[in-house]
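**Student:** What follows is a single structure, and I will ask about it in a moment.
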Amino acid sequence: MRNRITIATFFALLVGLFAVSTASAASPSDRAPIPPPTDYWQDQGFILMAHQGGEWDFPPNTMFAYKSAMALGTDMIDMDAYVTQDGHIVLSHDLDANNNSEAPDDTPINEQTLAQLKALDFAFKWSPHDGSSTTPFKGVATGNVPPPYGFTAEDFQIPTFDEVLDEFPNTPINIELKAVDGVDELDTAAKMDEILGAHPGREEDVIINSFGQSMLEKMHAARPEHLAFGGSLDGTVDYISGEPIVPTPVAVEPPDQVKVIDNPDPQEDVWLRSVPVLKPWADHDGYKIFVWGSDHDPMQDTPGFYETLINEGADSYNTPDPIALAAYLCTAGIARPDGSARCNAQKAAVSKVAFGAKKGQIKAGKKTKVTIKVSAKNDGFTNKVKVYLKSSNKQVRLQKFIVLDLRPGKTVRKTVSVKATGKAKGTAKLTATVGKKKAYSVLKVKAKKGKTGSASGK
């Protein structure tokens, strides 16, 4: 599926992994942790990453793929980058434009201008992964076929990295910079620096990776303020031998398995699972493990495949089939990275919302506290719910919402502060709302010389 590594680099990786996993090797405890340069990725749950936007489900590395993947519940989009002849960074997994478009055979992307590439149909050859030979989006990019509802012909052309950053300003991105013979890596790094400089605020949520160590070093030198890097192949091999990764990454990105012994009889080949080898080191330093599929497992992208990776401790799977992975994560009860429900089936249904007391008092110019209780039905999974709060009296104020961890069959309580200005008078009707469930509490405002009351029932 990936075809992402050459034989030489493949064996460099597998030999290194096998050596340190079977011999007397360095231990993470031998040195102090080297934490990532940003804590943006810390305390996040499992991340659904769509490889090329999900090439089994959509034409790869197109805006149609990225938009469709995000619409179905993807957390992060993955892409691959080359520099055009006229200095634009465009997104394609394959160097030869012919692999995905109607371009003539042997049409290297780096030898084409952006205008030449934009004239091509990058859904021209794509077929669904179901084994059919249909090309359902052929001709959309060139205007010969109407685009699907909500999309344009441009969504099926090759996109630029600028366009993706504009379209997805708040979406985490994983971008691999491809090395090409004859293309100066300094030029690639300089162009990336220019693009990221034009899109401030992406220092933490855009992970730059490359299979080559040289590319990452040049990128780091060109833009030292960038805080999110992956680890190269050489860097990862050295890492589990005890050497720090440079530039310091936020994640390592291995295949799920590597072949450590290659026999004439493939049945006798020996494969090693990557996550168990890397996890002690990654946990020691605080790096994420983002896995991509090696194609060795015939059950790749099945529920059992996903379950194994997650149980091993992978923090993300860079899947070609985001539809299947989203469905698995939903039914398995695995929430979004921020802990919120990934789908409706994961939401613990709210059975009741209530205040600790239906009535209370507050003194003008003072504060009091109210308790809010949210109860859940016995079905669903633990998830976060947002409770919206409102006061009918502009002089009696409280926060706009609270977020609670709701568990099936449980009641969660939260005490919040309510403040009355010195001008407050009359009453204030407080409302707590979760979906269609609402609760009310009425506070009577007392003059400054009165006693402070409480609606918490305490």
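**Student:** With the condition kept exactly as written, say whether any residue in the stretch 85-95 is of a type in the set (Asp, Glu), over 18 Å from THR160 (Cβ atoms) and open to solvent by 20 Å² or more (accessible area, probe 1.4 Å).
**Tutor:** For the stretch 85-95, residues of a type in the set (Asp, Glu), over 18 Å from THR160 (Cβ atoms) and open to solvent by 20 Å² or more (accessible area, probe 1.4 Å): absent.
**Student:** Of all residues in the stretch 75-130, count the ones that are under 30 Å from ALA341 (Cβ atoms) and in contact (Cβ under 8 Å) with a residue 60 or more places away in the chain.
**Tutor:** Result for the stretch 75-130: 7.
**Student:** Go through (1) within 20 Å of the chain's Cα centre (by Cα); (2) of a type in the set (A, V, I, L, M); (3) not in a loop (DSSP other than H, G, I, E, B) and name the single condition ILE334 misses.
**Tutor:** That leaves (3) as the condition not met.
**Student:** Going through the stretch 398-414 one residue at a time, which ones are in a loop (DSSP other than H, G, I, E, B), open to solvent by less than 80 Å² (accessible area, probe 1.4 Å) and farther than 24 Å from ILE362 by Cα?
**Tutor:** PRO408, GLY409
**Student:** Additional query: Would you call GLY339 in contact with a helix residue (DSSP H, G or I) (Cβ under 7 Å, 6 or more places away or on another chain), surrounded by fewer than 16 Cβ atoms within 10 Å (Cβ to Cβ), within 30 Å of VAL374 (Cβ to Cβ) and not aliphatic (A, V, I, L, M)?
**Tutor:** On the way: in contact with a helix residue (DSSP H, G or I) (Cβ under 7 Å, 6 or more places away or on another chain): no; surrounded by fewer than 16 Cβ atoms within 10 Å (Cβ to Cβ): yes; within 30 Å of VAL374 (Cβ to Cβ): yes; not aliphatic (A, V, I, L, M): yes.
No.
**Student:** Which residues, counting only those in the stretch 313-331, are open to solvent by 40 Å² or more (accessible area, probe 1.4 Å) and either within 17 Å of SER274 (Cα to Cα) or over 18 Å from the mean Cα position of the chain (by Cα) (or both)?
**Tutor:** The one that is open to solvent by 40 Å² or more (accessible area, probe 1.4 Å) and either within 17 Å of SER274 (Cα to Cα) or over 18 Å from the mean Cα position of the chain (by Cα) (or both): THR331.
**Student:** Within the stretch 342-389, how many residues turn out to be open to solvent by 40 Å² or more (accessible area, probe 1.4 Å) and in a strand (DSSP E or B)?
**Tutor:** Number satisfying all stated conditions: 12.
**Student:** Quick check on ILE245: is it in a strand (DSSP E or B) and buried (at least 22 other Cβ atoms within 10 Å of the Cβ)? Full working, then the answer.
**Tutor:** On the way: in a strand (DSSP E or B): no; buried (at least 22 other Cβ atoms within 10 Å of the Cβ): yes.
Criteria not met by ILE245.
**Student:** Answer yes or no as to whether ASP283 is open to solvent by 50 Å² or more (accessible area, probe 1.4 Å) and either touching a Leu at 6+ places or on another chain (Cβ under 7 Å) or modelled with pLDDT of 95 or more (or both).
**Tutor:** yes
**Student:** Could you check how many residues of the stretch 163-210 are of a type in the set (Asp, Glu), within 14 Å of the chain's Cα centre (by Cα) and open to solvent by less than 20 Å² (accessible area, probe 1.4 Å)? Steps first, please.
**Tutor:** Taking the stretch 163-210 first, the residues of a type in the set (Asp, Glu) are 163, 166-167, 176, 181, 184-185, 187, 193-194, 203-205.
In the following step, the residues that additionally are within 14 Å of the chain's Cα centre (by Cα) were identified as 204-205.
Then keep just the ones that are open to solvent by less than 20 Å² (accessible area, probe 1.4 Å); that gives 205.
Residues flagged as of a type in the set (Asp, Glu), within 14 Å of the chain's Cα centre (by Cα) and open to solvent by less than 20 Å² (accessible area, probe 1.4 Å) within the stretch 163-210 amount to 1.
**Student:** Which pairs do you get when a residue that is farther than 11 Å from GLY286 by Cβ, found in the stretch 25-43, comes within reach of a residue that is assigned to a loop (DSSP other than H, G, I, E, B) and hydrophobic (A, V, I, L, M, F, W, C), reach meaning Cβ atoms under 8 angstrom, with the pair 6+ apart or on two chains?
**Tutor:** So the pair list comes out as ALA25/ILE240; ALA26/ILE240; TYR40/LEU227; TYR40/ALA228; TYR40/VAL250.
**Student:** Considering each residue of the stretch 122-144, count those that are in contact with a Lys or Arg (Cβ under 7 Å, 6 or more places away or on another chain) and of a type outside the set (Ser, Thr, Tyr), and give that number.
**Tutor:** Result for the stretch 122-144: 2.
**Student:** Name every residue in the stretch 137-189 that is farther than 13 Å from ASP121 by Cα, part of a loop (DSSP other than H, G, I, E, B) and of a type in the set (Val, Ile, Thr), in order of residue number.
**Tutor:** Across the stretch 137-189, the qualifying residues are THR171, VAL180, VAL183.
The values are calculated or read from the model by the stated rules, or taken from the named source; none is laboratory data. Please read all numbers here as calculations on a predicted model, not as lab measurements. Note that we place each Cβ from the backbone using ideal geometry, even for glycine, and neighbour counts take in every protein chain shown. All accessible areas refer to the heavy atoms of the entire protein, side chains included, with ligands and DNA or RNA removed. Shrake-Rupley method; radii C 1.70, N 1.55, O 1.52, S 1.80 Å.
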